[in-house]
Amino acid sequence: MPWYVVYVWSGKEKAVKEALERAFEESGLSEALEEVVVPPEKIIEVVFSPEKHVSRRFYSGYVLVKLADGEGAFEILRNVEGVVGIMGDGQPRPLAEEEARKLLEQITVEEIKPKPRYQFMPGDRVRITEGPFANFHGVVDEVKPDKGKVRVLVSIFGRETPVEIEFAHVQKI
């Protein structure tokens, strides 16, 4: 079965997924709908300690549907509340096998590895809140978003010393 991209009301992706599954079940065509994927993205948002997790849509307003070809299936899909349309020029156009595989891999990787969001820039004055350097003040030298850390220059015995600290353990001053 091919994958299709379905345009839905933004913010209503999960509700549309449930409505789609229910509509196909009620119509007796549940075998035509194999899978519905709502692409998520997890973000770690660090404003100040403590760290808080926020989840938002990876592709807001889109749902991936693995659906058997057939006009009856597309008709049910179009009539579900919250569905705006199906990707394609007038006709539903399935994703190429390679496109679908890459997209699903990307979604899976994003679920496993959250992407940190930070508010630190080189030159910012910060205070370290946890760890062996707690309550030390310093200046952000480098931001490492892939590691979720910043390198802070801290004055120890009158010398600038670089210290690598997690985003959650640093606070702007």
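Mind telling me which of the residues Val109, Val170, Val84 ends up being of a type in the set (A, V, I, L, M) and at pLDDT 90 or above? Can you show your working first?
Numbers: Val109 fails: at pLDDT 90 or above; Val170 fails: at pLDDT 90 or above.
The unique qualifying residue is Val84.
Return the residue satisfying two criteria in turn: it lies in region 136-158 and is assigned to a loop (DSSP other than H, G, I, E, B) and not hydrophobic (A, V, I, L, M, F, W, C), and of such residues it is nearest to Gly123 (Cα to Cα).
Initially, region 136-158 is screened for residues assigned to a loop (DSSP other than H, G, I, E, B), giving 136, 145-148, 157-158.
From what's left, not hydrophobic (A, V, I, L, M, F, W, C): 145-148, 158.
Working: Pro145: 16, Asp146: 19, Lys147: 19, Gly148: 18, Gly158: 19 Å.
So, considering only residues that are assigned to a loop (DSSP other than H, G, I, E, B) and not hydrophobic (A, V, I, L, M, F, W, C), the one nearest to Gly123 (Cα to Cα) is Pro145.
Check Pro94 against each of (1) of a type outside the set (Val, Ile, Thr); (2) modelled with pLDDT under 90; (3) not in a loop (DSSP other than H, G, I, E, B) and name the one condition it does not meet.
Going through the list (1) of a type outside the set (Val, Ile, Thr); (2) modelled with pLDDT under 90; (3) not in a loop (DSSP other than H, G, I, E, B), Pro94 breaks only (3).
Answer yes if at least one residue in region 140-160 is within 30 Å of Glu18 (Cβ to Cβ) and either modelled with pLDDT of 90 or more or within 28 Å of the chain's Cα centre (by Cα) (or both), and no otherwise. It would help to see each step written out before you state the result.
We begin by selecting, within region 140-160, every residue within 30 Å of Glu18 (Cβ to Cβ); these are none.
So far as region 140-160 goes, no, none of its residues is within 30 Å of Glu18 (Cβ to Cβ) and either modelled with pLDDT of 90 or more or within 28 Å of the chain's Cα centre (by Cα) (or both).
Restricting to region 22-44, give me the number of residues that are assigned to a helix (DSSP H, G or I) and out of contact with any Leu (no Cβ under 7 Å at 6 or more places or on another chain). Spell out the reasoning first.
First pass over region 22-44, keeping only residues assigned to a helix (DSSP H, G or I): 22-27, 30-32.
Checking the rest, the ones that are also out of contact with any Leu (no Cβ under 7 Å at 6 or more places or on another chain) come to 22-23, 25-27, 30-31.
Matching residues across region 22-44 total 7.
Of the numbered conditions (1) part of a strand (DSSP E or B); (2) modelled with pLDDT of 75 or more; (3) closer than 30 Å to Gly148 by Cβ, Arg56 satisfies every one except a single condition; which is it?
The number of the failed condition is (2).
Could you grab me the full set of residues in region 152-173 that are within 16 Å of Gln119 (Cβ to Cβ) and not aliphatic (A, V, I, L, M)? If you could, list the steps in order and put the result at the bottom.
Within region 152-173, the subset within 16 Å of Gln119 (Cβ to Cβ) is 152, 165-173.
Within region 152-173, Glu166, Phe167, His169, Gln171, Lys172 meet the criteria.
The values are calculated or read from the model by the stated rules, or taken from the named source; none is laboratory data. Keep in mind that what you see is a predicted model, and the values were worked out from it rather than measured. Cβ sites come from the backbone with ideal geometry, for glycine too, and all protein chains shown count toward neighbours.
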